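Participant: Got a structure for you, written out below as structure tokens; questions coming shortly.
The values are calculated or read from the model by the stated rules, or taken from the named source; none is laboratory data. Since we're looking at a predicted model, the values are computed, not measured. Virtual Cβ from ideal backbone geometry, glycine too; neighbours counted across all protein chains shown.
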Amino acid sequence: MGKIATKILADGNGWSAGDFICTFGPEDRPFEERHSWISIAVVVEGSFQYRSAYGSELMTAGSLLLGALGHCYECAHEHGAGDRCLSFHYTPEFFDRAGVEPDFRIHRIPPMRDLAPWIVGARLGISSPERTNFEEMAHGLAGAVLDAVGKGFHSSVAPTAADERRISAAVRFIEANLAEQLSLNTLASQARMSEFHFLRVFKQVMNITPHQYVLCSRLRRAAVRLKTSKAPVLDVAMDFGFRDLSNFNHAFRAEFGLNPSRFRNRNSGTRD
């Protein structure tokens, strides 16, 4: 039987940050839970289904889960075991002080460029909590999420359970094979779908294309490696599926606003 392990990493005036590790799997029966806080969780590893009165969402690595105070929900792991999240919990007073209303009528924000630095920061926060400024992250992430919600990221058509199952398996395959050449043909074959159908369903479930998801995942993982190792930039690029350094530099700058070397040396959001 699975379980949830929670470790509070930091807290402050109206907020807390925790490392949540879940080992539930397909054999575990979902149960109803209730948000006791306003929650913003960055999914760092794994995937799971999140269900509430607003519908069902597939949460995958790089996506953000938004939880409204007092709302009931349940999580299921029908497609594979385990996930890990860096979760920020907020009191209503936290947002009152900022003069904003966290009206989360959607529960998932897909991996997107505007939030990429915060997703990388979540990975670093879990791997190196002693070097992470969680207070800055709690405030910055909340603001970034409110901006993203204001842009109306939501799915217009609900995917079927079979669609979610296939795409969840595809996402886990991507995360485990980022160094490989993950062509549309490869991913569609892995999911036992035609390329056309896979592309359409993937975008329906994830709100981004397979190519965008692969690129975002590679860049996030590369960013963490740059911050946590002294490996040459070229080696980092090759380890995460980039076959050309100039392409890696261009994509990295587009995602994070800095080239890999400057990103590695920048100390934003961390303490020496």
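Participant: Look through L86, L58, L9 and report the one residue that is closer than 22 Å to T160 by Cα and in a strand (DSSP E or B).
Facilitator: One residue alone meets the criteria, L58.
Participant: Can you pull out the residues in segment 238-258 that are part of a loop (DSSP other than H, G, I, E, B) and over 20 Å from the mean Cα position of the chain (by Cα)?
Facilitator: Listed by number, the residues that qualify are F242, R243, D244, L258.
Participant: Let me ask something else about it. Using the structure shown, decide if A222 is aliphatic (A, V, I, L, M) and surrounded by fewer than 21 Cβ atoms within 10 Å (Cβ to Cβ).
Facilitator: no
Participant: Being modelled with pLDDT under 90 and surrounded by 18 or more Cβ atoms within 10 Å (Cβ to Cβ) is the filter here; which residues of segment 118-136 pass it?
Facilitator: T132
Participant: What's the total number of residues in segment 71-83 that are assigned to a strand (DSSP E or B), over 26 Å from F256 (Cβ atoms) and in contact with a Phe, Trp or Tyr (Cβ under 9 Å, 6 or more places away or on another chain)?
Facilitator: 4
Participant: Just for segment 183-212: of the residues that are polar (S, T, N, Q) and part of a loop (DSSP other than H, G, I, E, B), which one is nearest to A237 (Cα to Cα)?
Facilitator: S183
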